[in-house]
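Trainee: Structure below; questions to follow.
The values are calculated or read from the model by the stated rules, or taken from the named source; none is laboratory data. This one's a predicted model, so the numbers in the text were calculated from it and none came from an experiment. For neighbour counting, all protein chains shown are included, and Cβ atoms are generated from backbone atoms with ideal geometry for every residue, glycine included. When the accessible area is computed, the model is the full protein with side chains, heavy atoms only, and any ligands, DNA or RNA have been set aside. Shrake-Rupley method; radii C 1.70, N 1.55, O 1.52, S 1.80 Å.
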Amino acid sequence: MPRSTKVVVASAAAGALALGVGVGIAGFASADPTTTPSPNPSASASADPVRGGPGRDGHRGGPGRGVADTDLTQQLADKLGVTEAEVTQALQEIREANRPAKPSTAPSADPSAKPTRPDPAEREAALAKALASELGIDEAKVTKALDEIKTARQVERAAELKTRLDAAVKDGTLTQAEADAVTKAIEKGVIGGR
């Protein structure tokens, strides 16, 4: 595989992993906190805990995907001093209150206008405010808990990425310089959605 192809593949893989950090806590407000049974992974499915997929805590990860949300709900409950059921109920009420209306069938005034995505920081602040209100807890305490959980997840993802990059260097898929470049690109926000 040519060197430039290796760099592109490694960059794309690292970018996809880092993009998950961007989803993080901000996407949780619209996630379904209920867990649904997932099929057992097949014998050919990856069970590598570093690369995710079936086998990594039994889920593929991301908002609304089972174990990750259960973990987040439990972490929030522990940090806020409430029950997991209270956090789950509060999040369901927030989601229901923020459910988007059905899109209008009328043509837009400006058909070339592209929908804009809300700012992640604004979404996180809105989630903290709504969760604090639903639980009757100080907003600063909720914000701090969400920030701590988000930071811990980012550290975990960075460690997982480092493990994957180190393995790619050891296997000869990437050089150390290429792995360092991927890490630097993520840290500088060139790839990874931030």
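Trainee: How fast does the range 114-194 diffuse by Stokes-Einstein, in µm²/s, taking the Kirkwood radius from C-alpha pairs at 4 °C and 1.567 mPa s?
Mentor: Numbers: Rh = 15.3 Å.
D, rounded to a whole number, is 85 µm²/s.
Trainee: Could you order LYS102, LYS162 so the one with the most accessible surface comes first? Probe is 1.4 Å. Please report the intermediate quantities before stating the final value.
Mentor: Details: LYS102 185, LYS162 120 Å².
So the residues, ranked largest to smallest area, are LYS102, LYS162.
Trainee: Once both labels are modelled 7 Å past Cα along the beta-carbon direction, what's the ALA177-VAL82 spacing in nm?
Mentor: My value for the distance between the label points is 5.4 nm.
Trainee: Another question, if that's okay. How large, in percent, is the carbon and sulfur part of the accessible surface of the range 115-194 at a probe radius of 1.4 Å? Display every interim value, and only then the final one.
Mentor: On the way: 2750 of 5040 Å².
Its accessible area is 54 percent carbon and sulfur atoms.
Trainee: Would you mind getting the accessible area per residue of the range 124-194, heavy atoms of the protein chains only, 1.4 Å probe, in Å²?
Mentor: Using a 1.4 Å probe on heavy atoms only, each residue of the range 124-194 averages 58 Å².
Trainee: With every protein chain present, what accessible area does LEU146 have (1.4 Å probe, heavy atoms only), rounded to the nearest 10 Å²?
Mentor: Rounded to the nearest 10, the figure is 10 Å².
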